[in-house]
Each structure stands twice: as C-alpha cells, then as structure tokens.
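Enquirer: One structure follows; several queries about it will come next.
The values are calculated or read from the model by the stated rules, or taken from the named source; none is laboratory data. Predicted, not measured: the structure shown is a model, and the values here were computed from it. Here the Cβ is made from the backbone with ideal geometry for all residues, glycine too, and neighbour counts use every protein chain on show. We work out accessible area using only protein heavy atoms, side chains counted, and drop any ligands, DNA or RNA first. Shrake-Rupley method; radii C 1.70, N 1.55, O 1.52, S 1.80 Å.
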Amino acid sequence: MLQMGFPDRWVLWFRGILESVRSAVLVNGSLTFEFNCEKGLRQGDPISPFLFLIVMEALSWVLKKAKSIGELSGVQLSEKEQDITHLFYADDTLILGEWSRENLEKTARILRVFYLCSGMRINLHKSNLFGVGTTDTEVENSWRVGMQKRYFSF
C-alpha cells in the first residue's frame, strides 16, 4: 500500500484491522472464549472488496509494466489504439495477448509470481484459454504451458 501512495496512517489502520481481529463462536446460545483469527479475512468481511481491489491494482501494474518493457504483447484493436493486455470486472480477469508460445509462457510466469506474492490462487477450473485464428491442436498444446485442459479456438 505504501508503494501505491497510501499514507502511513492508512497502512497502519489496515494493518491494525488485519492483525487485531478476534472472534468468538456462538454455541447453543452462549459465546465461547475469544480467539485470534490467523488465516486472514473471510468471504463476506466488509473490508475484503477493498483489499481485493488493491491487490488487483498490483496485478494490473505488473501486466502494464511487462507490456511496457516488451515482455508481453497485448491485442491491438485498431491502429490508433494501444495494446490491451487485460480487463478486470468485479472478481473476473481477462488477459489478452498475441498468440505465441512465448507470450503464453510469460503470462503464466507472471500469474505464478502474482500467486506467490499475494497468495491469491487462480481457479483453473473456472479458467479457459481461447485462441482466435488458431487450430484446436495449437490451443490444446499451448494450454499445457501452465493451465488446465479446457480450450477453445475460433
């Protein structure tokens, strides 16, 4: 958060919220003793969406940086537009790029590093690889770069 320009006070507030969380369980109408939560936030926690957006902003920055230094090639929709490498919506991510094995390998590497840094695992059961202007065999062989075996070509 500091690298993104958040003031020190905000970072301390977030750290305090995450490190001081205590819970108790209601059993047969009676509260148990309080205990520290050690596994981070749970789904439904009011602060989760904000932290998710901050983490996804970091992924966006990494993808933009990889494009700017020539490591990733995005998709160019017209001659006047810049390459598009990714789109985010809510908790979905669409990564776009030139169809090449090298580009796929670099994308997979970036996603692995993102997971190692953030702890946010990519759900491969919900992931797909689409190839435009490619054969089924090309897409199937490229999927082995680090993804599961669900593929489509157009």
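Enquirer: List every residue whose amide H lies under 5 Å from the amide H of G131, counting only residues 5 or more places away in sequence or on a different chain, with H placed 1.01 Å from N in the peptide plane.
Expert: Those qualifying (amide H under 5 Å, at least 5 residues apart or on another chain) are F152, S153, F154.
Enquirer: About its Cα centre, how strong a charge dipole does the chain have in debye, to the nearest 20, once Lys and Arg get +1 and Asp and Glu get -1 at the Cβ? Don't skip to the answer; put the middle values down first.
Expert: On the way: 18 positive and 18 negative charges, 73 e Å.
So the dipole magnitude of the chain works out to roughly 360 debye.
Enquirer: Restricting the count to DSSP beta bridges whose residues both fall in the chain, what percent are antiparallel, rounded to a multiple of 5? Each step should come with its number before you reach the end.
Expert: Details: 9 of 12 bridges.
The antiparallel fraction comes to roughly 75 percent.
Enquirer: Per the helix-only calculation at 222 nm, which mean residue ellipticity applies to the chain, given -39500 (n - 2.57) for every DSSP H run of n ≥ 4 and division by its residues, nearest 500 deg cm²/dmol?
Expert: That calculation yields -12500 deg cm²/dmol at 222 nm.
Enquirer: Starting from the residue with the highest accessible area, list I17, I95 in decreasing order, probe 1.4 Å.
Expert: Numbers: I17 80, I95 55 Å².
Highest to lowest solvent-accessible surface, that is I17, I95.
Enquirer: Something else: Taking 0.36 nm per residue of sequence separation and subtracting the Cα-Cα distance, how much length would be gained by fully extending the chain between D8 and L31, in nm to one decimal?
Expert: On the way: separation 23, 0.36 × 23 = 8.28 nm, distance 3.60 nm.
Extra length available between D8 and L31 comes to 4.7 nm.
Enquirer: For an R0 of 22 angstrom, estimate the FRET efficiency from the Cβ-Cβ distance between N123 and Y89 and round to the nearest 0.05.
Expert: Working from the Cβ atoms, E equals 0.90.
Enquirer: Using each residue's phi in the range 95-103, evaluate 6.51 cos²θ - 1.76 cosθ + 1.60 at θ = phi - 60° and report the 3J(HN,Hα) Karplus result to the nearest Hz, with x for Gly and Pro.
Expert: Working through the residues one at a time gives 9, 10, x, 4, 7, 7, 4, 4, 5 Hz.
Enquirer: Please give the contour-minus-distance gain from D45 to L116: 0.36 nm per residue of separation, less the Cα-Cα distance, rounded to one decimal in nm. Intermediate results must be reported in sequence, preceding the final value.
Expert: On the way: separation 71, 0.36 × 71 = 25.56 nm, distance 2.29 nm.
Here the segment from D45 to L116 would lengthen by 23.3 nm.
Enquirer: When only the heavy atoms of the protein chains count and the probe is 1.4 Å, how do E57, E79 rank by accessible area, highest first?
Expert: My answer, sorted largest first, is E79, E57.
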